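*Asks:* Starting off with a structure, shown below.
The values are calculated or read from the model by the stated rules, or taken from the named source; none is laboratory data. Not measured: the values here are computed from a predicted model. Cβ atoms come from the backbone with ideal geometry, glycine included; neighbour counts cover every protein chain shown. These accessible areas exclude ligands, DNA and RNA; they are computed on the full protein's heavy atoms, side chains included. Shrake-Rupley method; radii C 1.70, N 1.55, O 1.52, S 1.80 Å.
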Amino acid sequence: MKKILLVTICCLAALTACTIDTYEKGDGEYSNVQGDFALLHANSAKMIDYVELDDGERLNLKEPMAKQWVNKADTFYRSVLFYKKNGDLIEVVSAVQVSEMNILSADTLKKRKIEVKTDPLKLESVWVSKNKQYMNASIYLKTGSTTDETAIHLLGLVADSLYRNADNSIVLCLRLLHDQGGMPEYYSVNTYFSLPLRSLPVDSIRLTVNTYEGEVTKSLSIR
């Protein structure tokens, strides 16, 4: 059984991360399927009734949709969404919850006695959403079947430093933490996470990730 947990370390809340449902490409039933990161709105009945895409477009669902991970009414959920569009209505093909990460300082990690690990993973891509509200990342984690119930992947973000450039722009340096957690490394599974940007008083982010090819640093303007 595949087990991948994304942890926003600052609150120690674990969210199950699933792989994206696949579909046939080409001229078949799903040839007009689009894929986007989005916020899914749950109505008073805990049903998804509309979505807000990262480009700012709002789309209503043809029919309200229930998801197992939707457990609060009148709430937005971060998701990777595959859908078929007809005007301002959509038919959802697949919706997978995406973990929203938080940032910790190194001092907080030390006080909470959280072990800092940067076990390698594969970084596919990292980018800022069109509406500048999120930094998104696509990664691959190596995993496999195990009978060890305590084996889990743990991910988190820690702030390494903050500095000001000569032009007065502020840069936040982040590091992606990863604990392999005793999981076997038989094959790779794709998963995603998002970092909310709206409350960060900085102009750019430098994200450092330990990969199987060594450390990689990505610089992103968020303004």
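*Asks:* Tell me, what % of the accessible area of the chain is carbon and sulfur with a 1.4 angstrom probe?
*Replies:* 47
*Asks:* Suppose a student asked you for the relative contact order of the stretch 84-140, using Cα pairs under 8 Å spaced at least 6 residues apart; what percent would you report?
*Replies:* It comes to 20 percent, rounded to a whole number.
*Asks:* Need the C-alpha centroid separation for the stretch 53-70 versus the stretch 165-223, integer Å.
*Replies:* Using only Cα atoms to place each centre, the spacing works out to 27 Å.
*Asks:* What pairs in Lys62/Lys84; Lys117/Lys218; Lys67/Lys218; Lys122/Lys218 have C-alpha atoms more than 22 Å from each other?
*Replies:* From the list (Lys62/Lys84; Lys117/Lys218; Lys67/Lys218; Lys122/Lys218), the Cα-Cα distance tops 22 Å for Lys67/Lys218.
*Asks:* Under 19 Å Cα to Cα from Lys132, which aspartates and glutamates show up? Leave out anything in the same chain fewer than 8 places away.
*Replies:* Once the sequence-local aspartates and glutamates are set aside, what remains near Lys132 is Asp36, Glu52, Asp54, Asp55, Glu57, Glu100, Asp203.
*Asks:* Given R₀ = 25 Å, what would the calculated FRET efficiency be for Ser138 paired with Thr208, taking r from the Cβ atoms and rounding to 0.05?
*Replies:* The formula returns an efficiency of 0.90 here.
*Asks:* Next question, about the same structure. At 1.4 Å probe size, with no ligands or nucleic acids counted, give the accessible surface of Arg164 in Å², nearest ten.
*Replies:* Only protein atoms counted, so the area is about 150 Å².
*Asks:* Between Leu89 and Arg58, what is the label-point separation in nm under the 7 Å Cα-to-beta-carbon projection?
*Replies:* Modelled inter-label distance: 1.8 nm.
*Asks:* Provide the per residue accessible area, probe 1.4 Å, for the chain, rounded to a whole number of square angstrom.
*Replies:* Spelled out: the 1.4 Å probe surface of the chain, per residue, equals 54 Å².
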